[in-house]
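*Asks:* Before I ask anything, let me first share the structure, which is written out below as structure tokens.
Read-outs: derived from the displayed coordinates by stated rules, not from any lab. Everything numeric here is computed off the predicted structure, so don't read it as measured data. Glycine also receives a Cβ, built like all others from the backbone with ideal geometry; neighbour counts cover every protein chain displayed.
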Number of protein chains: 2
Amino acid sequence: MSSVQFTITHKLDGTLARAGKIATPHGSIQTPAFIVGGTKATVKALTPQQVDELGGQAVLANTYHLMLQPGAAVVHEGGGLGAYMHWSKPTFTDSGGFQVFSLGMAYKKGIDATSHSEKGSGDLATHSTHQLAKVTDDGVTFRSHLDGTKLTMTPESSMELQHAIGADIHMAFDEATSPLAGRQYLRQSLDRTHLWAERSLKQHNKLNEQHREHDEPEQALFGIVQGGREEDYRRESAQLLGHMDFDGYGVGGVYEPGEISHVVRWVNETLPEHKPRHLLGMGAQPADLFLGVEFGIDTFDCVAPTRQARNGALYTYSGRINIKNARFVHDFTPIDTNCDCYTCQHFTRSYVHHLFKADEILGAVLASIHNERFIVSTIDHIRESLMDGSFYAYKQTFLNQYYGAAHAKTYLS
Amino acid sequence: MSSVQFTITHKLDGTLARAGKIATPHGSIQTPAFIVGGTKATVKALTPQQVDELGGQAVLANTYHLMLQPGAAVVHEGGGLGAYMHWSKPTFTDSGGFQVFSLGMAYKKGIDATSHSEKGSGDLATHSTHQLAKVTDDGVTFRSHLDGTKLTMTPESSMELQHAIGADIHMAFDEATSPLAGRQYLRQSLDRTHLWAERSLKQHNKLNEQHREHDEPEQALFGIVQGGREEDYRRESAQLLGHMDFDGYGVGGVYEPGEISHVVRWVNETLPEHKPRHLLGMGAQPADLFLGVEFGIDTFDCVAPTRQARNGALYTYSGRINIKNARFVHDFTPIDTNCDCYTCQHFTRSYVHHLFKADEILGAVLASIHNERFIVSTIDHIRESLMDGSFYAYKQTFLNQYYGAAHAKTYLS
């Protein structure tokens, strides 16, 4: 039996949308849910208490970052991810796959996530001439973005790392392809991702077996569906992985909210209905959440809400503002009068503006609390709207207000 | 009647030490107390909620910093210091005097707090050749350390600024002298400080008069005792200011714990007993607190606990540690097993070490919570030891453990 149990409690007729809960050894996640980004075993700028108070239900940390700092063994020695970072609710890790491709080639180069092109797609060796991560069927060789150390990650080593880190939900090791990858490269990559999915699952089951022998808690594994923007590849991937014994699924390689209504739909029309579905790395835009849910996503994760917060880009129900703008000096209203977060309940735009201009850490803290709460609160309302049937009305009102009617149309068609 | 009321509840026989409380319009401060540094209307890295939870009783902000950013008028418009930064308990401001001397000459020069020497003491104009703040009997002309703008501060303008900022307790505008200043310069400077004290008080009373007319809360003013390390000057200053109608006193120009047993003693033997006494800018070393209290100090302020925290220098009952040291990678004990702060209750040295190595904001937050709590908790214990008569036993145990017996001797003689 899986260590996580998914229950669907509400469905929205004629759509792929559903509400439910994922029960884990560390409590339940009410879905749809936003999984708060906890890259290096910390939600940037926030204490676990603050994450809890803003309604965060679960945290997702990055295997790639933790393997480099402080090392998966240290996290394990510290009691595993939850204990190490003092987060008692559910935890996720990704496989490291996305980062070895996007950061593993970035040492001294800057990040270039769009380097897979049809041009080099027939000859994998050409990738290394661009200091890219080097892919073979065995795994990926890449360099640490911190110090350039040459490292290798395979499906087996990703599973070993994730089991050492010890989150409740793990992800299979996949190849993250660029949005610019063409069909020829995607075909090879997808075959490799499917091969790696099998190897991930096999290694994961072996490690869970060891946990059982030692009376330790087991972990869950999600398979990752890839296939770019190609309908046949996406459906093939969802079908193939759907028949494997994963505890849930992740949808990788989606970059824009505009892709959700087709790419995510193809995948979720094909995947088994009774398993949870996670959209990898999206959820910084309200459109991501509304469209993701509409097309069958249960959980989201994204580090952009805190990253944007640290840059002073704050979400409001009438769109994003840059709090560093001089027009806020004398603005003694909250960031958003309709927001119930600690920041909006107690501080003004003027004060948060001052903190940013004065380069005070508290600026990043208050901004991060607000942005995370805004996203969490939005997905909470979406969940309620699925339960009472008001989803489409809520979606229309929200997106019109946030993007303006002209832009919102894109997401309302 | 003063807007603050000081009550002494306990005295330690044969010493200047006392415990009591300062009642302000925003509640009482149990003394002796550590006033948490809130330089730019924020306790660096901490939310007001965290400052409250770690036992902070009051916050001290800097007039110099606030006049530059966001401007005293903005703080006033935002409801005054407490409302602006959402701190509902008592607040202090300093006069700006110390900063115009120490930072006001630092633009493009680095900070040089030791530039007053006997050499230039007879000729004030020579100070400006070193890009120093320029002092006349009227006030001080200096440059903003942020953008080099030429500014002037006088006793009157300091009072205007402090009344606009609106803390409960203000400080008279004084001249901060360097630890290297000789008798000749100190003499001139002290006369000026006394002149400025009178002008500060006069302007303060005028502004309080206006508050009364507008049914606004009044503020309290502390006079600042100077005089370097010269006993006659210190006693003269304490005597002279002691006869003026201040609500309390600050002791300025003390730089080392070793000076407390004579300099602070001279002052507090001379000042009227029934008014509160604040030691300006000290309290980062346990010795500051024990000696300050022993020689008659009621309140302390210092930004070093949070500054050191951000550098990874953490207080423990057996001395200071640098959490960035590699020996903490596998140390899964709290920073101090005897500390009751949020950080020590929930996180390990290994985790805090990781946060510092990974340059995570949460490292600064958790370290700041710990250092502030350590200092607040120490002064709380000192207060209790005054009440039950165990002060000297506590002092001896604490300092021996913290500094080691050899070094602690200096403070125990």
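*Asks:* Give the order of B:H407, A:H194 when sorted by the count of other beta carbons within 10 angstrom, beginning with the fewest. Could you put the intermediate results ahead of the total?
*Replies:* On the way: B:H407 14, A:H194 20.
Lowest to highest Cβ neighbour count: B:H407, A:H194.
*Asks:* I want to check the label-to-label distance for B:D340 and A:E216. Put each point 7 Å from Cα in the C-beta direction and report it in nm to one decimal.
*Replies:* 3.6 nm
*Asks:* Now a separate question. What ratio of Cα Rg to 2.2 N^0.38 Å holds for the protein assembly as shown?
*Replies:* Values: Rg = 30.8 Å, N = 826, 2.2 N^0.38 = 28.2 Å.
With N residues counted in the protein assembly as shown, Rg over 2.2 N^0.38 Å equals 1.09.
*Asks:* Okay, next question. Kindly express, to the nearest 10 degrees and within the range 0 to 90, the angle between helix A:361-388's C-alpha long axis and the longest C-alpha principal axis of chain A.
*Replies:* Its long axis makes an angle of about 80 degrees.
*Asks:* What share of the DSSP beta bridges in the range A:5-302 is antiparallel, in percent to the nearest 5? Numbers along the way, then the final one.
*Replies:* Details: 17 of 39 bridges.
Bridges in the range A:5-302 are about 45 percent antiparallel.
*Asks:* Tally Lys and Arg at +1 and Asp and Glu at -1 over the other residues with C-beta under 11 Å from the C-beta of A:H204: what net charge comes out? Each step should come with its number before you reach the end.
*Replies:* Working: positive: A:R199, A:K202, A:K206; negative: A:E156, A:E160, A:E198, A:E209, A:E218, A:D245, A:D247.
Summing Lys and Arg as +1 and Asp and Glu as -1 gives -4.
*Asks:* Taking the Cα centre as origin and putting +1 on Lys and Arg beta-carbons and -1 on Asp and Glu beta-carbons, what dipole magnitude results for the range B:311-412, to the nearest 20 debye? Don't jump to the answer; show the numbers that get you there.
*Replies:* Working: 9 positive and 9 negative charges, 77 e Å.
So the magnitude is around 360 debye.
*Asks:* What's the exposure ranking of B:M1, A:M244, A:M387, B:M282, going from fewest to most Cβ atoms within 10 Å? Walk me through the numbers on the way to the answer.
*Replies:* Values: B:M1 6, A:M244 15, A:M387 12, B:M282 25.
Taking fewest neighbouring Cβ atoms as first place, the list is B:M1, A:M387, A:M244, B:M282.
*Asks:* Turning to a different aspect of this structure: Taking other Cβ within 10 Å of each residue's Cβ, how do B:E213, A:E256 sort, fewest first? Walk me through the intermediate numbers first.
*Replies:* Values: B:E213 8, A:E256 13.
Ascending Cβ contact count within 10 Å gives the list B:E213, A:E256.
*Asks:* While we're here: Counting Lys and Arg as +1 and Asp and Glu as -1, what is the net charge of the other residues whose Cβ lies under 11 Å from the Cβ of A:W266? Can you show the working numbers first?
*Replies:* Numbers: positive: A:R229, A:R234, A:R235, A:R265; negative: A:E230, A:E231, A:D232, A:E236, A:E259, A:E269.
Around A:W266, the surrounding residues sum to -2.
*Asks:* Across the range A:279-413, what fraction of all alpha-carbon pairs, as a whole percent, falls in each successive 5 Å bin from zero upward?
*Replies:* So the P(r) values, bin by bin, are 2, 11, 20, 21, 19, 13, 8, 4, 1, 0.
*Asks:* Hey, another quick one. Sorted from shortest, what are the nm distances separating the label point of A:A83 from equivalent points in the other copies, each placed 7 Å from Cα along Cα to C-beta?
*Replies:* Nearest first, the other copies' label points are 5.0 nm away.
*Asks:* Also, quick follow-up: For A:N205, which inter-copy label distances result when the label point lies 7 Å beyond Cα on the Cα-to-Cβ vector, reported in nm to one decimal and in ascending order?
*Replies:* 9.0
*Asks:* Closest approach to the A-B rotation axis by any Cβ of A: residue and distance in angstrom?
*Replies:* Axis-proximal residue of A, distance in whole Å: A:I361, 3.
*Asks:* Another question, then. When averaged across all projection directions, what area in nm² does the alpha-carbon convex hull of the range A:244-296 cover? Mind showing how you got there, number by number?
*Replies:* Details: hull surface 14.0 nm².
Mean shadow area of the hull around the Cα atoms is 3.5 nm².
*Asks:* Quickly estimate the mean residue ellipticity at 222 nm for chain A, helices only: each DSSP H run with n ≥ 4 gives -39500 (n - 2.57), and the total goes over all residues, rounded to 500.
*Replies:* Numbers: 18 runs with 176 residues, N = 413.
-12500 deg cm²/dmol, from helical runs alone.
*Asks:* With chain B treated as a Gaussian network of Cα nodes joined by springs under 10 Å, which of B:A393, B:A23, B:A284 yields the largest mean-square fluctuation?
*Replies:* Greatest mean-square fluctuation among the candidates belongs to B:A393.
*Asks:* Cut-off under 17 Å on the C-alpha distance; same-chain residues fewer than 8 positions from A:K395 excluded. Which lysines are left, in chain and number order?
*Replies:* Partners within reach: A:K11, A:K409.
*Asks:* Can you give the mean number of other chain Cβ atoms that lie within 10 Å of the Cβ atoms in peptide B:38-48?
*Replies:* That average works out to 5.
*Asks:* Step by step: find N for the range B:5-302, compute 2.2 N^0.38 Å, then divide the Cα radius of gyration by it. What's the final number?
*Replies:* Working: Rg = 18.0 Å, N = 298, 2.2 N^0.38 = 19.2 Å.
Cα Rg divided by the expected 2.2 N^0.38 Å: 0.94.
*Asks:* Once you have the alpha carbon radius of gyration of the range A:337-413, what is it after dividing by 2.2 N^0.38 Å, with N set to its residue count?
*Replies:* On the way: Rg = 15.6 Å, N = 77, 2.2 N^0.38 = 11.5 Å.
Rounded to two decimals, the normalised Rg is 1.36.
*Asks:* Any idea what the B:D388 label distances to the other copies are, label 7 Å down the Cα→Cβ vector, nm, shortest first?
*Replies:* Computed spacing set for this position: 5.6 nm.
*Asks:* Which of the residue pairs A:K202/A:K275; A:K134/B:K357; A:K324/B:K44 have a Cα-Cα distance greater than 26 Å in the structure shown? Kindly include the intermediate steps, with their values, before the conclusion.
*Replies:* On the way: A:K202/A:K275 19 Å; A:K134/B:K357 28 Å; A:K324/B:K44 19 Å.
Beyond 26 Å between Cα atoms: A:K134/B:K357.
*Asks:* If you find the alpha carbon centre of the range B:299-357 and of the range B:133-182, how far apart are they in angstrom?
*Replies:* Between the Cα centre of the range B:299-357 and that of the range B:133-182, the gap is 35 Å.
*Asks:* Another one. Taking every DSSP beta bridge with both residues inside the protein assembly as shown, roughly what % is antiparallel (nearest 5)? If you can, show how the numbers build up before the last one.
*Replies:* On the way: 43 of 87 bridges.
Roughly 50 percent of the DSSP beta bridges within the protein assembly as shown come out antiparallel.
*Asks:* On the principal axes of its Cα set, how long, how wide and how thick is the range B:1-97? Give whole Å, largest value first.
*Replies:* Largest to smallest, the principal-axis extents are 47, 31, 23 Å.
*Asks:* Here's a follow-up. If I build a Gaussian network model for chain B, linking alpha-carbon pairs within less than 10 angstrom, which residue out of B:A83, B:A309, B:A72 has the largest mean-square fluctuation?
*Replies:* B:A83
*Asks:* Figure the gain on full extension for A:T333 and A:E269 (residue separation times 0.36 nm, minus the Cα-Cα span) and round it to one decimal in nm. Can you show the working numbers first?
*Replies:* Numbers: separation 64, 0.36 × 64 = 23.04 nm, distance 4.49 nm.
Taking A:T333 through A:E269 to full extension adds about 18.5 nm, to one decimal.
*Asks:* Take the range A:272-328, compute every pairwise Cα distance, and split them into 10 Å bins from 0; I just need the percent in each bin.
*Replies:* Whole-percent P(r) values from 0 Å outward: 21, 41, 24, 11, 2, 0.
*Asks:* Quick check: Cα centre of the range B:237-293 to Cα centre of the range A:190-230, how many Å?
*Replies:* 67 Å
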